[in-house]
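Here's the structure, in structure tokens; my notes come after.
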């Protein structure tokens, strides 16, 4: 039986998933000491906080209440692309909370701005409830590896964008650019920069930490 778990993605990565460009994600192994014996034996661990083959990950992303139907069903707006989605199947255990939000956002000082009972600020992704999530991903592979083992193909599957072609056209002899093009590691380099932007303080690329490499596809009911 498949299980479901939440997973957070930034707005650019949500867009990459929606565009079909992102089919992998890498997340830190929190307790790499547990891997020692398995890796020495050449075995993949059977446990993973992101599930196994066939499990599902529902995406948490930045969001807000954008509007309501006459009977109090919410429209959810997503910051990644400003798409809106009407949710008519709010679970019973959320009904009172959603009604309270509707009442609060309908107060004159908010509703009077533009005639909408809407959030004026985005809500952090960590607070997105399951019923408001628009993306569910099916896990197709889980690997454990050190970060710098990522291949160019896998870096492309991570959804990173790169300006290597532009840099190649405008090449003026910079040694770093020359090495990048010579090795064909353009997307790996871009991924390394992205990784450091997100994880640089606790586990930079240079430290080559152990990571979970999760491959997925969008699940459609």
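The values are calculated or read from the model by the stated rules, or taken from the named source; none is laboratory data. The structure presented is a predicted model; accordingly, all values stated were derived computationally and were not measured. Cβ atoms come from the backbone with ideal geometry, glycine included; neighbour counts cover every protein chain shown.
Here are some notes:
- Odd one out for residue 66, checked against (1) free of Cβ contacts under 8 Å to residues at least 24 places away in the same chain; (2) more than 17 Å from the chain's Cα centre (by Cα); (3) within 17 Å of residue 128 (Cβ to Cβ): (1)
- Unmet requirement for residue 20, which otherwise passes all of (1) surrounded by fewer than 13 Cβ atoms within 10 Å (Cβ to Cβ); (2) at pLDDT 90 or above; (3) not in a loop (DSSP other than H, G, I, E, B): (3)
Okay, residues lined up against (1) touching a helix residue (DSSP H, G or I) at 6+ places or on another chain (Cβ under 6 Å); (2) surrounded by 11 or more Cβ atoms within 10 Å (Cβ to Cβ); (3) at pLDDT below 95; (4) closer than 23 Å to residue 53 by Cα:
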site	(1), (2), (3), (4)
162	yes, yes, yes, no
180	yes, yes, yes, no
187	yes, yes, yes, no
215	no, yes, no, yes
221	no, no, yes, yes
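- Yes/no for residue 98 being in a helix (DSSP H, G or I), surrounded by 10 or more Cβ atoms within 10 Å (Cβ to Cβ), touching a strand residue (DSSP E or B) at 6+ places or on another chain (Cβ under 9 Å) and outside the structural domain of residue 52 (by TED's automatic domain parsing): yes
- Inside the stretch 69-85, residues that are under 23 Å from the mean Cα position of the chain (by Cα) and crowded, with 18+ Cβ neighbours inside 10 Å make up a count of 4.
- Test result for residue 54, over 29 Å from residue 202 (Cβ atoms) and in the same structural domain as residue 199 (by TED's automatic domain parsing): yes
- Within the option set 152, 88, being touching a residue at least 12 places away in the same chain (Cβ under 8 Å) and surrounded by fewer than 11 Cβ atoms within 10 Å (Cβ to Cβ) holds for one residue only, 88.
- Conditions (1) touching a strand residue (DSSP E or B) at 6+ places or on another chain (Cβ under 9 Å); (2) over 26 Å from residue 15 (Cβ atoms); number of the one not met by residue 136: (2)
- The condition (being under 30 Å from residue 52 (Cβ atoms) and outside any helix (DSSP H, G or I)) is satisfied by just one residue among 141, 153: 141.
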